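Derivation of every value follows stated rules applied to the coordinates shown; laboratory data play no part. Just so it is clear, the structure is predicted and the values come from calculations on it, not from any experiment. Cβ placement follows ideal geometry from the backbone for every residue including glycine, while neighbour counts extend to all protein chains displayed.
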Amino acid sequence: MDPANIAAVDNVLLEWSLALHLEEQGIVKRILPVFIGPVKGVGTGLPSMDNLFVHFNPANDVPDEVNQATHRELAEFCKKYLPSIPAPEPKTVRRIVAEIFRFNSSKCLCWDLAGTS
């Protein structure tokens, strides 16, 4: 998420928020997030993915405030399609990212598989 766009709906944040809410309510058992870094090697043959964690620090690179527009979208979606479960609580962007990362705490790296180990 671009910190400058905290007032706009962020669809990735919306997906992650919904996944976390469904997991908290016991509707889904596990979440398997796929973290993809920037594409590298464009124009040099087949592109590959770069290591996301070289470019992104989930503890520092996201705002520690609630994205109100995204939370409103989530609440409206849940009210319309999931009326039997409690409304989601507002969470900061940093908290959502931290919670989603706990499902892939091993940081299973899926890029540069041909690289050296």
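The stretch between residue 23 and residue 46 holds 4.6 nm of extra length on full extension. This uses 0.36 nm per residue minus the Cα-Cα distance. If you model the stretch 10-99 as an ellipsoid using its alpha carbon gyration tensor, with each semi-axis the square root of five times an eigenvalue, the axes come out at 30, 15, 12 Å, biggest first. Sorting 7-20, 25-38 by their mean Cβ neighbour count within 10 Å, with the most densely packed peptide first, gives 7-20, 25-38. Protection proxy ranking, highest mean first, for peptides 85-96, 57-68: 85-96, 57-68, where packing is the per-residue count of other beta-carbon atoms within 10 Å, averaged.
In this calculation the C-beta distance from residue 85 to residue 64 is compared with R0 = 30 Å, giving a FRET efficiency of 0.65.
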